[in-house]
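Participant: Sharing a structure below in structure tokens format, with a few things to ask.
The values are calculated or read from the model by the stated rules, or taken from the named source; none is laboratory data. Keep in mind that this is a model prediction, so the values were computed, not measured. Positions of Cβ are backbone-derived with ideal geometry, glycine not excepted, and every protein chain shown enters the neighbour counts. Calculation scope for accessible area: heavy atoms of the full protein, side chains included, ligands and nucleic acids excluded. Shrake-Rupley method; radii C 1.70, N 1.55, O 1.52, S 1.80 Å.
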Amino acid sequence: MDDDARQPATRPVDYTQAFSKAIDRLHTEGRYRVFIDILRNKGAFPNARCFAGHNGPKPITVWCSNDYLAMGQHPSVIAAMEDALHDVGAGSGGTRNIGGNTHYHVDLEAELADLHGKQAALLFTSGYVSNEATLATLAKILPGIIIFSDALNHASMIAGIRHSGCEKRVFRHNDLAHLEELLAQADPAAPKLIAFESVYSMEGDVAPIAAICDLAEQYNALTYLDEVHAVGMYGARGGGISDRDALSHRLTIIEGTLGKAFGVMGGYIAADRNIVDVIRSYAPGFIFTTSLSPVLVAGALASVRHLKASSAERDGQQAAAACLKAMLVDAGLPVMMGETHIVPVMVGDPVEAKRISDILLAEYGIYVQPINYPTVPRGTERLRFTPGPAHTEAMMRELTGALVEIWGRLDLRMAA
């Protein structure tokens, strides 16, 4: 008998079944995500049109966009992008090191450094990439570093810390006593970095930045602040919570995005010149990727410059958020109260959150996506509303009435 005949029979891997089971699990848990097919109406945001059925586009009102100030619709942003398109064409042509470094990129980095009062800034293709690449690279440049990470930090920060392979300590969300306890337990000689956000996008709360900086100074730690949900939104020039509270100078690295309040696309860090040069020179997520299109960079540049000089959009957005919160509270809905522009309404069940979202879109033309695990912990599923300066009181009344009707229809728990 030859050797092949003595080998035990093995069943081939059923790849199709493995993939199907993975998707089935999401359906069973009620957290399978459906992308809504929409087009925004230029110049008329939050009005848009949805292609959910077979009868052509249906008009809808968007309530969940991270284009918080509708800058993606601003005439100066659109004009800047059109001018760049006709000036230099569509793409960047390569990485920043090989053909993809345009004068638009240089100008935007200078504006972002100035926005945060830092010596330099560095552009990335997204906020996710800027977090992941910077944190992973920092940890490799500083052997033995311990990163202290807020429990509710964004997935991109968690990924960067994980990919670095460094030691990490997770402190309870915004819990200064727990953070200090962990810092005190660490080797005093070890490099340390505290990573946290300013505005936590699913909770709508704000980090105690000054107190964290105090601890960082006491325990000789670097600080890394993610301002993605605050840049453009807070501060006299839109530099975020650290700008509003005059704390930028106390932070080692500030990270932000160009895809939310600035209305375009991209991410960045701002820090002193040496730190930015280290990330520029060592981070694979920066070195080996095609740079942002100059068309996008031109739009972001126009947006940053506009919001440095104009507070009208910020003021309008804050007024809209306060108005919607008051309406929802008065209606008895379970609003998660906070001091920021984010208005979460707690549901607590993924199936119900999806059902409410579906009814709002199908029957009321109101678009808001359910937020579920892993974006938020299981059992804390919610609807997350982001009212902007263009949402009218009439839109808010319509939304509030729809939610009250659906809550009653589904016999859901109202606020305590």
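Participant: Which numbered condition trips up Arg397, out of (1) surrounded by fewer than 15 Cβ atoms within 10 Å (Cβ to Cβ); (2) farther than 17 Å from Tyr367 by Cα; (3) not hydrophobic (A, V, I, L, M, F, W, C)?
Facilitator: Failing condition for Arg397: (2).
Participant: Quick one: would you say Leu85 is in contact with a Lys or Arg (Cβ under 9 Å, 6 or more places away or on another chain) and at pLDDT 95 or above?
Facilitator: So Leu85 does not fit the description; no.
Participant: Give Ser164, Ser126 a once-over and let me know the one that is among the hydroxyl-bearing types (Ser, Thr, Tyr) and more than 17 Å from the chain's Cα centre (by Cα).
Facilitator: Ser164
Participant: For segment 366-389: of the residues being of a type in the set (D, E, K, R) and assigned to a strand (DSSP E or B), which is farthest from Ala320 (Cα to Cα)?
Facilitator: Checking each candidate, the answer is Arg382.
Participant: Scan (1) under 29 Å from Ala321 (Cα atoms); (2) at pLDDT below 95; (3) out of contact with any helix residue (DSSP H, G or I) (no Cβ under 7 Å at 6 or more places or on another chain) for the single condition Asp14 breaks and write down its number.
Facilitator: (1)
Participant: If you don't mind, there's one more thing I want to ask. Could you list, in sequence order, the residues of segment 254-272 that are charged (D, E, K, R) and either without any contact (Cβ under 8 Å) to a residue 60 or more places away in the chain or surrounded by fewer than 24 Cβ atoms within 10 Å (Cβ to Cβ) (or both)?
Facilitator: Once the filter is applied, which keeps residues that are charged (D, E, K, R) and either without any contact (Cβ under 8 Å) to a residue 60 or more places away in the chain or surrounded by fewer than 24 Cβ atoms within 10 Å (Cβ to Cβ) (or both), segment 254-272 yields only Asp272.
Participant: Across segment 349-360, what is the number of residues that are open to solvent by 30 Å² or more (accessible area, probe 1.4 Å), touching a residue at least 12 places away in the same chain (Cβ under 8 Å) and either in a helix (DSSP H, G or I) or of a type in the set (Gly, Ala, Ser) (or both)?
Facilitator: Residues that pass the stated criteria total 4.
Participant: If you don't mind, there's one more thing I want to ask. Taking segment 306-345 only, how many residues are in contact with a Pro (Cβ under 6 Å, 6 or more places away or on another chain) and either among the basic types (Lys, Arg) or surrounded by fewer than 17 Cβ atoms within 10 Å (Cβ to Cβ) (or both)?
Facilitator: Number of matching residues: 0.
Participant: Right, next: Answer with yes or no whether Gly117 is at positive phi, at pLDDT 95 or above and surrounded by fewer than 18 Cβ atoms within 10 Å (Cβ to Cβ). Write out each step before concluding.
Facilitator: Values: at positive phi: yes; at pLDDT 95 or above: yes; surrounded by fewer than 18 Cβ atoms within 10 Å (Cβ to Cβ): yes.
For Gly117, the condition - at positive phi, at pLDDT 95 or above and surrounded by fewer than 18 Cβ atoms within 10 Å (Cβ to Cβ) - is met.
Each row is one residue, and each column tells you yes or no for (1) over 23 Å from Gly160 (Cβ atoms); (2) out of contact with any helix residue (DSSP H, G or I) (no Cβ under 6 Å at 6 or more places or on another chain); (3) of a type in the set (Ser, Thr, Tyr); (4) not in a loop (DSSP other than H, G, I, E, B).
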residue: Met265; (1), (2), (3), (4): no, no, no, no
residue: Tyr268; (1), (2), (3), (4): no, no, yes, yes
residue: Asn274; (1), (2), (3), (4): no, yes, no, yes
residue: Phe286; (1), (2), (3), (4): no, no, no, yes
residue: Val297; (1), (2), (3), (4): yes, no, no, yes
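Participant: When segment 79-94 is examined, which residues are found to be under 29 Å from Gly285 (Cβ atoms) and open to solvent by 30 Å² or more (accessible area, probe 1.4 Å)? Quick ask: steps written out before the conclusion?
Facilitator: Taking segment 79-94 and keeping what is under 29 Å from Gly285 (Cβ atoms), we get 80-81, 84-85, 87-94.
Selection gives Met81, Leu85, Asp87, Val88, Ala90, Gly91, Gly93.
Participant: Which ones in segment 42-67 are without any contact (Cβ under 8 Å) to a residue 40 or more places away in the chain, open to solvent by 40 Å² or more (accessible area, probe 1.4 Å) and under 26 Å from Val231 (Cβ atoms)?
Facilitator: As a first pass, look at segment 42-67 and keep what is without any contact (Cβ under 8 Å) to a residue 40 or more places away in the chain: 42-44, 47, 49, 51, 53-57.
Pick out the ones that are also open to solvent by 40 Å² or more (accessible area, probe 1.4 Å) and you get 42-43, 47, 49, 51, 53-55, 57.
Lys42, Gly43, Asn47, listed by residue number.
Participant: Just checking, which of Ser242, Ser281, Ser291 is touching a residue at least 24 places away in the same chain (Cβ under 8 Å) and assigned to a helix (DSSP H, G or I)?
Facilitator: On the way: Ser281 fails: touching a residue at least 24 places away in the same chain (Cβ under 8 Å); Ser291 fails: assigned to a helix (DSSP H, G or I).
Answer to the selection: Ser242.
Participant: Now for a separate question. Can you find a residue in segment 319-339 that is out of contact with any Ser or Thr (no Cβ under 7 Å at 6 or more places or on another chain), of a type in the set (Val, Ile, Thr) and not in a helix (DSSP H, G or I)?
Facilitator: The initial filter retains those residues of segment 319-339 that are out of contact with any Ser or Thr (no Cβ under 7 Å at 6 or more places or on another chain), namely 319-326, 329-330, 332-339.
Going one step further and asking which of them are of a type in the set (Val, Ile, Thr), we end up with 329, 335.
Then drop every residue that is not not in a helix (DSSP H, G or I), which leaves 335.
For segment 319-339, residues out of contact with any Ser or Thr (no Cβ under 7 Å at 6 or more places or on another chain), of a type in the set (Val, Ile, Thr) and not in a helix (DSSP H, G or I): present.
Participant: Quick one: in segment 197-253, which of the residues that are aromatic (Phe, Trp, Tyr) and surrounded by fewer than 24 Cβ atoms within 10 Å (Cβ to Cβ) is modelled with the highest pLDDT?
Facilitator: Ranking the qualifying residues of segment 197-253, first place goes to Tyr219.
Participant: Being under 16 Å from Cys64 (Cβ atoms) and assigned to a loop (DSSP other than H, G, I, E, B) is the filter here, so list the residues in segment 390-416 that pass it.
Facilitator: The answer is Ala390, His391.
Participant: Hey, can you tell me all the residues within segment 361-389 that are open to solvent by less than 60 Å² (accessible area, probe 1.4 Å) and farther than 20 Å from Gly204 by Cβ? Spell out how you get there, then give the answer.
Facilitator: Going through segment 361-389, the residues open to solvent by less than 60 Å² (accessible area, probe 1.4 Å) turn out to be 361, 365-372, 376, 379-389.
If the condition is that a residue be open to solvent by less than 60 Å² (accessible area, probe 1.4 Å) and farther than 20 Å from Gly204 by Cβ, then Leu361, Gly365 are the ones that fit.
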